[in-house]
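Here's the structure, in structure tokens; my notes come after.
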Amino acid sequence: MVVIPSRKSLATHPEMVWVQRKRFVGWACSECAWEFNPSEIPAGNTLAEIRLNYELERDKKFASHVCAEHPSVQSKRGQQLK
């Protein structure tokens, strides 16, 4: 017997991805319209410290974002069609 998984079991988890769009280049969520926009230039005395602080802020904001609060254009269209 072959079992074909349902779409629900194949649900993907959001991942941070690098995107290059007409009006945005940077880190974004793979599942919604969330984009990382640093609040300010990261602090640090060396390039390594600046990079670390940038990555810490980016990762913290990504981990705390809620996809439902950043619907993508595609999901908005799907809601209108229902």
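The values are calculated or read from the model by the stated rules, or taken from the named source; none is laboratory data. No experiment lies behind these values; they were computed from the predicted model shown. In this analysis, Cβ positions are derived from the backbone assuming ideal geometry, glycine residues included, and neighbour counts consider all displayed protein chains.
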- Any hit, the range 40-53, residues being at pLDDT 85 or above, surrounded by 13 or more Cβ atoms within 10 Å (Cβ to Cβ) and touching a helix residue (DSSP H, G or I) at 6+ places or on another chain (Cβ under 6 Å): yes
- If we keep only residues of the range 18-39 that are over 14 Å from H70 (Cβ atoms) and among the small types (G, A, S), then the residue surrounded by the fewest Cβ atoms within 10 Å (Cβ to Cβ) is S39
